[in-house]
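Student: One structure coming up, written as structure tokens, with questions to follow.
Derivation of every value follows stated rules applied to the coordinates shown; laboratory data play no part. Fair warning: this is a prediction, and the values are worked out from it, not measured in the lab. Because the Cβ atoms are built from the backbone with ideal geometry, glycine has one as well, and the counts that use them run over all protein chains shown.
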Amino acid sequence: MEFPDSLKYTREHEWARMKGSQVVIGITAFAQDQLGDVVFVELPAVGDTVKKGESFGVVESTKAVSELFAPISGKVVEVNDPLADAPETINEDPYEEGWMIVVEPADPKELDALMDASAYRAFVEEQ
Amino acid sequence: MSQRTPLFDVHVRAGARMVEFAGWEMPVQYAGLLQEHEAVRTRVGLFDVSHMGEVVFRGPRALEALNRLFTNDLSKIADGQAQYGCLCRETGGIVDDVVVYRRAADDLLVCVNAGNRQKDFEWLAGHAGGADVRNESDAWAQLALQGPLAAQLLQRLTTLDLSPIRSYRFGHGDVAGVPCLVARTGYTGEDGFELFCGPEAASRLWDALVEAGKPEGIQPCGLGARDSLRLEMGYRLYGSDMDDARTPLEAGLGWVVKLDKGEFIGRDALVRQKEQGLARKLVGFVLTEAGIARHGYPVVQDGRKIGEVTSGTRSPSLKTSIGLAYVPPALAAEGSTFAVEIRGRPAAAKVVKTPFYTRK
């Protein structure tokens with residue numbers, strides 16, 4: 001399973017990637033594999049604020065409903081709207097086309113507390 | 001400690017994802033629910049349903065005794081035919097929904113739900129009515145071969161002529177050298193078969209079907225696809241859509257309740273309920289707004305809870321959100337509208353006819 005080195009990871013299986021001053025957020029390959037086929041996703045709107053560790057949306061697979069937890073606090077500046085009609089993108093390409101939201105972080109240093117790829121890989125292997 | 005079917009090792013070796021279901025360790029998916037679902041709708045899928053139980057009624061009183069425990073009418077079918085119906089309590093509440101295979105008037109096999117094996121056996125044996133009632137659940141494995149290409153595949157593996165075995169009929173014959181009860185029944189809405197065989201032969205039969213089914217693109221399937229396939233047909237699932245507290249009339253199974261066939265357990269209560277009218281009714285609905293309804297979500301109207309969703313999913317075939325819910329009879333007619341509360345927010349729903357999906 002692939003966990004790109006350029007990303008930071010949460011224990012709830014979200015990833016975060018710096019893009020300039022902003023942070024792109026999605027769920028990991030492990031998360032989408034555990035969920036199974038994703039059939040529905042509920043995301044915040046542009047302008048909403050998200051809070052680190054709190055739910056910012058929901059992803060539903062054919063099997064289960066799972067909350068999405070924000071890896072960082074901030075304001076939502078972009079939402080991957082095409083996911084509404086093509087939620088399977090999250091299974092097919094969780095790190096690129098399957099991104100969920102872009103956040104303008106309140107405190108970019110919050111990212112430092114997240115796991116890097118090797119720590120996340122070790123975490124997943126314990127699951 | 002959960003139980004395992006004779007095919008447990010086969011599933012694990014094939015990389016299936018296993019889950020606990022009704023006390024059984026079962027495959028929930030092989031390749032992915034959507035892929036498996038589509039295989040069954042367009043080609044052929046293979047399911048391990050060995051967790052289902054089998055209770056057998058034998059002896060000169062067998063037919064009469066079982067008919068007094070069954071809402072449908074077993075005197076209306078011939079040997080070699082199967083019939084769907086409910087076992088009810090005196091209250092009319094559903095003990096289980098079952099399929100009865102009439103091998104002879106003195107030899108009937110009742111196929112019961114996995115989670116109800118012990119309960120059903122105790123209920124049936126406790127009302128044996130002079131029949132010899134045995135729990136043969138551990139003596140049978142069961143494979144379901146389902147989909148439009150099931151018959152052509154199966155026919156290559158058996159000398160038993162499948163053409164006279166029409167829907168809800170069965171015969172006996174060897175499949176790939178394994179003695180089977182071959183029934184044209186299933187829980188998917190597609191043409192297909194359920195094969196009952198001895199547990200020791202189950203993996204041999206499974207492997208033979210998977211190998212022989214390659215030209216048809218056979219797909220091993222898990223419980224996930226089994227659930228989405230049955231729900232598209234509006235088939236009820238015991239434990240989700242019905243239980244001991246709901247009657248077949250409430251569950252929309254009036255078509256398998258034969259009140260005029262003579263005495264059976266639960267009949268008086270059902271007659272009374274029919275006269276007095278139902279307080280709630282199970283209906284099929286689609287969401288007309290975004291979201292997916294799930295088991296246990298409230299049905300609301302004007303901010304008040306008036307019912308409950310018992311099954312719900314996104315239909316892989318129809319690409320809409322479908323479900324079953326108990327609602328007051330006033331809202332049970334086709335076209336009625338209500339809302340399903342999803343994580344605190346109402347999503348609009350409309351009552352539709354079931355099956356949701358019509359076979360192509």
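Student: Label points 7 Å out from Cα along the Cβ direction at B:Arg156 and B:Lys76: separation in nm?
Tutor: The answer from the label model is 3.9 nm.
Student: Which trypsin sites (Lys or Arg not before Pro) from the range B:109-176 combine a DSSP loop assignment with at most 16 other Cβ atoms within 10 Å? Display every interim value, and only then the final one.
Tutor: Values: sites: B:Arg117, B:Lys119, B:Arg134, B:Arg156, B:Arg166, B:Arg169; in loops: B:Arg166.
Hits after loop and neighbour filter: B:Arg166.
Student: Please list, in order along the range B:3-14, the HN-Hα scalar couplings obtained from phi with the Karplus expression 6.51 cos²θ - 1.76 cosθ + 1.60 (θ = phi - 60°), rounded to whole Hz, x for Gly and Pro.
Tutor: Going residue by residue, I get 8, 10, 7, x, 9, 3, 5, 4, 5, 5, 4, 7 Hz, with x marking Gly and Pro.
Student: Let me ask something additional. Dividing the Cα convex hull volume of the range A:8-112 by residue count, how many Å³ per residue is that?
Tutor: Each residue corresponds to 81 Å³ of Cα convex hull volume.
Student: Take the alpha-carbon centre of the range B:291-360, take the same for the range A:80-127, and report the distance between them in whole Å.
Tutor: Value for the Cα centre distance between the two parts: 32 Å.
Student: Please arrange B:Lys274, A:Lys52 by how many other C-beta atoms lie within 10 Å of their C-beta, fewest to most.
Tutor: Listing B:Lys274, A:Lys52 from fewest to most nearby Cβ atoms yields B:Lys274, A:Lys52.
Student: Here's another thing I want to ask about it. Neighbouring Cβ atoms within 10 Å as the yardstick, rank B:Arg359, B:Arg267 fewest first.
Tutor: Arranged by neighbour count, lowest to highest, B:Arg359, B:Arg267 become B:Arg359, B:Arg267.
Student: Run through the range B:229-302 and list the GluC sites (Glu not before Pro) located in a DSSP loop whose Cβ has at most 14 other Cβ atoms within 10 Å.
Tutor: Those satisfying the criteria are B:Glu263, B:Glu289.
Student: Arrange B:Trp255, A:Trp15, B:Trp140 by Cβ neighbour counts within 10 Å, fewest through most, would you?
Tutor: Numbers: B:Trp255 11, A:Trp15 28, B:Trp140 20.
Taking fewest neighbouring Cβ atoms as first place, the list is B:Trp255, B:Trp140, A:Trp15.
Student: Assuming R0 = 22 Å, can you tell me the calculated FRET efficiency for the pair A:Glu54 and B:Thr320, based on Cβ-Cβ distance, to the nearest 0.05?
Tutor: According to the calculation, E is roughly 0.10.
Student: Might you report the magnitude of the Cβ-based charge dipole of the range B:5-100 about its Cα centre, with Lys and Arg at +1 and Asp and Glu at -1, to the nearest 20 debye?
Tutor: 160 debye
Student: Classify the range B:279-360: rounded, prolate or oblate, from the alpha-carbon gyration tensor (a ≥ b ≥ c, eigenvalue square roots; a/c under 1.5 rounded; otherwise prolate if a/b is larger than b/c)?
Tutor: Working: a/c = 1.89, a/b = 1.29, b/c = 1.47.
Oblate.
Student: Could you give the distance between the Cα centres of the range B:206-222 and the range B:37-95, to the whole Å?
Tutor: 27 Å
Student: Same structure, new question: How are the Cα pair distances of the range B:53-135 distributed, in percent, across 10 Å bins from 0?
Tutor: 20, 61, 19, 0
Student: Work out the charge dipole of chain B with +1 on the Cβ of Lys and Arg and -1 on the Cβ of Asp and Glu about the Cα centre, then indicate which of B:Leu270, B:Leu74, B:Leu153 is farthest towards its positive end.
Tutor: The residue sitting most towards the positive pole is B:Leu270.
Student: May I pose another question? Give me, ordered by chain and number, the residues 5 or more places off B:Asp174 or on other chains with an amide H under 5 Å from its own placed amide H.
Tutor: Residues meeting the criterion, in which the H sits 1.01 Å from N, are B:Thr159, B:Leu160, B:Cys180.
Student: Moving on to the next point. Once you put a point 7 Å from the Cα of B:Glu20 and another 7 Å from the Cα of B:Ala290, both along the Cβ direction, what distance in nm separates them?
Tutor: 3.5 nm
Student: Rank B:Val309, B:Val327, B:Tyr357 by how far each Cα sits towards the positive end of the charge dipole of the range B:279-360 (+1 on Lys, Arg Cβ; -1 on Asp, Glu Cβ) and give me just the farthest.
Tutor: After comparing all options, I get B:Tyr357.
Student: Then there's this: Quote the FRET efficiency, to the nearest 0.05, computed for B:His127 versus B:Trp255 with a Förster distance R0 of 22 Å and r equal to the Cβ-Cβ distance.
Tutor: For R0 = 22 Å, the calculated efficiency reads 0.40.
Student: Quick check on chain B: take the gyration tensor over C-alpha atoms, sort the square-rooted eigenvalues as a ≥ b ≥ c, and tell me if it's rounded (a/c under 1.5), prolate or oblate.
Tutor: oblate
Student: Here is a follow-up. How big, in percent, is the set of alpha carbon pairs in the range B:1-159 lying more than 25 Å apart?
Tutor: 40 percent
Student: Treating only the Cβ atoms of Lys and Arg (+1) and Asp and Glu (-1) as charged, compute the dipole magnitude of the range A:1-92 about its Cα centre; round to the nearest 20 debye.
Tutor: Details: 8 positive and 16 negative charges, 108 e Å.
Magnitude of the dipole: close to 520 debye.
Student: What does the charge count around B:Asn67 come to, taking other residues whose C-beta lies under 9 Å from its C-beta (Lys +1, Arg +1, Asp -1, Glu -1)?
Tutor: Residues close to B:Asn67 contribute a combined charge of 0.
Student: If you take the beta carbon distance between B:Gln3 and A:Glu104 as r and set R0 to 60 Å, what does 1/(1 + (r/R0)^6) give as a FRET efficiency, to the nearest 0.05?
Tutor: That gives a FRET efficiency of 0.70.
Student: Measuring from label point to label point, each 7 Å out along Cα→Cβ, what is the B:Arg345 to A:Val77 span in nm?
Tutor: Inter-label distance under the simple model: 2.4 nm.
Student: Report, in deg cm²/dmol and to the nearest 500, the calculated mean residue ellipticity at 222 nm for the protein assembly as shown, where each DSSP H run with n ≥ 4 adds -39500 (n - 2.57) and the sum is divided by the residue count.
Tutor: -5000 deg cm²/dmol, from helical runs alone.
Student: Would you please give the residues with an amide H less than 5 Å from that of B:Arg169, counting only those at least 5 places away or on a separate chain, with H modeled from the backbone geometry?
Tutor: For B:Arg169, the qualifying residues are B:Ala82, B:Arg184.
Student: Continuing with the same structure: Taking a label point 7 Å from the Cα of B:Arg58 along the Cα→Cβ vector, which residues of the range B:90-128 have an amide N closer than 12 Å to it?
Tutor: Within reach of a label on B:Arg58, which here means backbone N under 12 Å from a point 7 Å along Cα→Cβ, the range B:90-128 contributes B:106-109.
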